[in-house]
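Colleague: This structure is in structure tokens; I'll ask about it shortly.
The values are calculated or read from the model by the stated rules, or taken from the named source; none is laboratory data. These figures come from a predicted structure and were not determined experimentally. Glycine gets a Cβ as well: all are built from the backbone with ideal geometry, and neighbour counts include every protein chain shown. Just the protein is used for accessible areas: all its heavy atoms, side chains included, with ligands, DNA and RNA removed. Shrake-Rupley method; radii C 1.70, N 1.55, O 1.52, S 1.80 Å.
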Amino acid sequence: MNQPTNPAAPIRVSFEFFPPKTEKMEETLWASIQRLAPLSPSFVSVTYGAGGSTRERTHQTIKRLLTETDLIPAAHLTCVDASREDIDEVIREYRATGVKHFVALRGDSQAGVGKAWEGREDGYRNAAELTKGLKAIDDFEISVAAYPEKHPESPDFSTDIDFLKRKVDNGATRAITQFFFDNDIFERYVERVRRAGIYIPIVPGIAPIHDFTKIARFAGACGTSIPAWLADRFEGLESDPVTHSHVAAAVCSDQVLDLNKRGFSDFHFYTMNRADLVYSICHILGLRPKAKDEAVARSEAA
Ligand code: FAD
């Protein structure tokens, strides 16, 4: 289990990528995967665009991960603008390629940000139904989303946690959280979740800050709060990328090390397909590339 009996247990990471739109982006993605792969992530996940807009690209990326790397891929899947039959077909295609782990999501309204979700009559209406649909096809590993500051559409925490409970009752085996910067908020959320009788691992979603201005804007839409101390750390760094990236590595590694002290050991990184900052953070966390470890072991044995 992820937490919290064994403080400062060895850190394990997973990485999230998004499917590339252009050849250039594809090169960047694969360079990032190659740089991060030796850190032996537990799994790597690939997001799925609204309305299946990235369906083919997500599938291609997952296929390439399966054929060209030793990494364990997790395919994100949403309920947006597709019938149950369409989605079941996608699931079966994935299964035929060898995918065993899904991240089951509802997705968002295609009418635009802030518009209420309206599922299709013939579709899965939410992530709990999608989780059930996945389980009906095979005994997949299923991760779902969780919200330490509650989902913006949720009237209160108890409704939000009820939704998580439904996902778990339908077969979810892990929850990955929306990103957050205040560890106290996360810890309180996990306590609430446990009180609701949910015992699956709640894996913190960690967002390394590549661009503070952008992430602060995005956080507003997701309901993630930006603590004053965090804004203060990045103040005046808008046109100083080098200092910005050093500060980002320090802030993010501090966050993860603090969570680790509180007993959490698994962390899911939103990489934005960029490896350098994530790699530096993982180094500070004590992760070392596998090939080097093996080389050291070999030289020690000689
Ligand atoms: P659900 O679990 O179905 O519902 C989310 C919440 O909405 C519930 O907890 C509840 O609080 C509220 N809610 C839903 N229905 C109702 C209702 N009828 N009444 C009251 N409250 C309700 N999006 C993508 O498009 N592609 C991705 O690949 C993707 N990956 C993600 C990965 C992670 C780890 C996370 C955290 C999010 C991801 N998202 C992705 C975003 C996600 O699709 C949105 O947050 C979406 O708004 C909710 O999806 P969900 O699976 O949490 O939905």
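Colleague: With (1) farther than 18 Å from A172 by Cα; (2) of a type in the set (D, E, K, R); (3) free of Cβ contacts under 8 Å to residues at least 40 places away in the same chain; (4) outside any helix (DSSP H, G or I) as the list, and D86 as the residue in question, which single condition is left unmet?
Modeller: (4)
Every residue, every condition in (1) in contact with a strand residue (DSSP E or B) (Cβ under 8 Å, 6 or more places away or on another chain); (2) open to solvent by 30 Å² or more (accessible area, probe 1.4 Å); (3) within 10 Å of the ligand (Cβ to nearest atom), yes or no:
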residue: E141; (1), (2), (3): yes, yes, no
residue: S154; (1), (2), (3): no, no, yes
residue: N170; (1), (2), (3): no, yes, no
residue: F179; (1), (2), (3): yes, no, yes
residue: D182; (1), (2), (3): no, yes, no
residue: V190; (1), (2), (3): yes, no, no
residue: R195; (1), (2), (3): no, yes, no
residue: Y199; (1), (2), (3): no, yes, no
residue: P204; (1), (2), (3): yes, no, no
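Colleague: Inside region 75-89, can you point out the residues that are more than 10 Å from the ligand (Cβ to nearest atom), buried (at least 19 other Cβ atoms within 10 Å of the Cβ) and modelled with pLDDT of 95 or more?
Modeller: If the condition is that a residue be more than 10 Å from the ligand (Cβ to nearest atom), buried (at least 19 other Cβ atoms within 10 Å of the Cβ) and modelled with pLDDT of 95 or more, then I87 is the only one that fits.
Colleague: If you don't mind, there's one more thing I want to ask. Can we say Q60 is more than 12 Å from the ligand (Cβ to nearest atom) and open to solvent by 80 Å² or more (accessible area, probe 1.4 Å)?
Modeller: Yes.
Colleague: In addition: Being among the small types (G, A, S) and either more than 8 Å from the ligand (Cβ to nearest atom) or farther than 21 Å from K100 by Cα (or both) is the filter; apply it to region 128-139 and report the residue that is surrounded by the fewest Cβ atoms within 10 Å (Cβ to Cβ).
Modeller: The residue in question is A136.
Colleague: I'm told W117 meets every condition in (1) within 25 Å of R274 (Cα to Cα); (2) modelled with pLDDT under 95 except one. Can you identify the failing condition by its number?
Modeller: (1)
Colleague: Mind checking whether some residue in region 97-114 is more than 24 Å from F15 (Cα to Cα) and near the ligand (Cβ under 9 Å from one of its atoms)?
Modeller: yes
Colleague: For F163, indicate whether it is within 20 Å of the chain's Cα centre (by Cα), more than 12 Å from the ligand (Cβ to nearest atom) and either buried (at least 22 other Cβ atoms within 10 Å of the Cβ) or more than 30 Å from V251 (Cβ to Cβ) (or both).
Modeller: no
Colleague: If we keep just the residues of region 18-46 that are under 22 Å from V90 (Cα atoms) and in contact (Cβ under 8 Å) with a residue 40 or more places away in the chain, which is surrounded by the most Cβ atoms within 10 Å (Cβ to Cβ)?
Modeller: Filtering region 18-46 for residues that are under 22 Å from V90 (Cα atoms) and in contact (Cβ under 8 Å) with a residue 40 or more places away in the chain, the one surrounded by the most Cβ atoms within 10 Å (Cβ to Cβ) comes out as S45.
Colleague: Sticking with this one: Does region 249-270 hold any residues that are open to solvent by 10 Å² or more (accessible area, probe 1.4 Å) and part of a strand (DSSP E or B), and which are they?
Modeller: Within region 249-270, D266, Y270 qualify.
Colleague: Hey, another quick one. Condition (residue is within 16 Å of the ligand (Cβ to nearest atom), in a loop (DSSP other than H, G, I, E, B), of a type in the set (D, E, K, R) and open to solvent by 60 Å² or more (accessible area, probe 1.4 Å)) applied to region 229-238: is it met by at least one residue?
Modeller: No, region 229-238 contains no residue that is within 16 Å of the ligand (Cβ to nearest atom), in a loop (DSSP other than H, G, I, E, B), of a type in the set (D, E, K, R) and open to solvent by 60 Å² or more (accessible area, probe 1.4 Å).
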